[in-house]
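The values are calculated or read from the model by the stated rules, or taken from the named source; none is laboratory data. Everything numeric here is computed off the predicted structure, so don't read it as measured data. Cβ sites come from the backbone with ideal geometry, for glycine too, and all protein chains shown count toward neighbours.
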């Protein structure tokens, strides 16, 4: 009579090429023999071979059957795999409720992946009522067991305040832990943290290093970042020392107060005629920047106050709202019109008010300009865009805060647009 454990071990040797020439077919044969003798791990391995087509023709139904058998024998990996099969519809009809039940069973036995999966189910409402607090707890448990995917999810929870109070420093810490263990998504996320100053001081050089490292490991997001960054296509990836973008206190109306960072602007006139408050940036958009994008957050626009976002040339007089004088263009809050060098175009987009985020994208590749509202592209507003353009704003009431790329934009499409030109 054969020795069950020995039979399984022979299969394992053939599988891994230990002391014998590697043979997946013979590995399967011995796994099957040990499974027929009631060996739980052997039964699990037969399921795995059928699942992946190792030494035998791929058969997901037979994979599920053997995973189920091993699960019934108490094999923790088999219990997890049954849950995974129900989750993804592998060899069995998809059933999210059954998936959660099996994930929970194996998580209760301290299976690392299953503990993460239970968190994932709670996070997304898969087979169980959505509960962000329980999701966080299970991500934490799995992360404590060394699961790097769970570490990234835990970091994301801290980053966005999902199931826990928002804490950018802890977010960075967990992304870093994941990265230190070689997780390429974690490495990419560390790059994002350095790029946008999430829980750590902004450092473009360290951001680029981590983007490059994740790209070398095949991370698609990292590859895209490196491709765009290397060509300096957008202002997102041009050093602030080169860009030097802020509202210039020298080139502004006396009715506009600029904060010490050069990003916040507040109207301080009386709202009368000829008291529009305008400002432009210190420098024109660099010629090497082919896509320039910036956003303003409308803090308030006061009663009857108009806020305009646009661009101008150096010769603009800055006496009227952007677009209401020669050599300037602007999108206005009160009516959604786009004004071009004193010419009122047809209605361009929706009105905007306090709480809205309005973006302006200048595309020097195809010479167009478009705006966004709360992350949604509103379409082309201008064609035949010229060079040596300065971003500008205008207020006849209210206040705004500006993002020139020092933090994440509401509109994510600029990065994807940049990829089209590579």
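A few notes on this one:
- Residue within region 350-360 that is in a strand (DSSP E or B), more than 34 Å from the chain's Cα centre (by Cα) and either closer than 23 Å to residue 303 by Cβ or modelled with pLDDT under 90 (or both) present: no
- Residue 297 out of contact with any helix residue (DSSP H, G or I) (no Cβ under 8 Å at 6 or more places or on another chain), outside any strand (DSSP E or B) and in the same structural domain as residue 403 (by TED's automatic domain parsing): no
- Boolean, residue 289 is within 26 Å of residue 408 (Cα to Cα), part of a loop (DSSP other than H, G, I, E, B), in contact with a strand residue (DSSP E or B) (Cβ under 8 Å, 6 or more places away or on another chain) and in contact (Cβ under 8 Å) with a residue 40 or more places away in the chain: yes
- Top-ranked residue in region 159-168 [being touching a helix residue (DSSP H, G or I) at 6+ places or on another chain (Cβ under 8 Å) and over 13 Å from residue 189 (Cα atoms); ranked as surrounded by the most Cβ atoms within 10 Å (Cβ to Cβ)]: 163
- Hey, residue 308 within 21 Å of residue 417 (Cα to Cα) and in a strand (DSSP E or B) or not: no
- Scope region 240-262; condition at pLDDT 80 or above, crowded, with 18+ Cβ neighbours inside 10 Å and part of a loop (DSSP other than H, G, I, E, B); matching residues: 246, 253, 255, 262
- Residue within region 366-375 that is touching a helix residue (DSSP H, G or I) at 6+ places or on another chain (Cβ under 6 Å) and closer than 27 Å to residue 287 by Cβ present: no
- Qualifying residues in region 336-349 (those that are assigned to a loop (DSSP other than H, G, I, E, B) and under 33 Å from the mean Cα position of the chain (by Cα)) - the one nearest to residue 396 (Cα to Cα): 336
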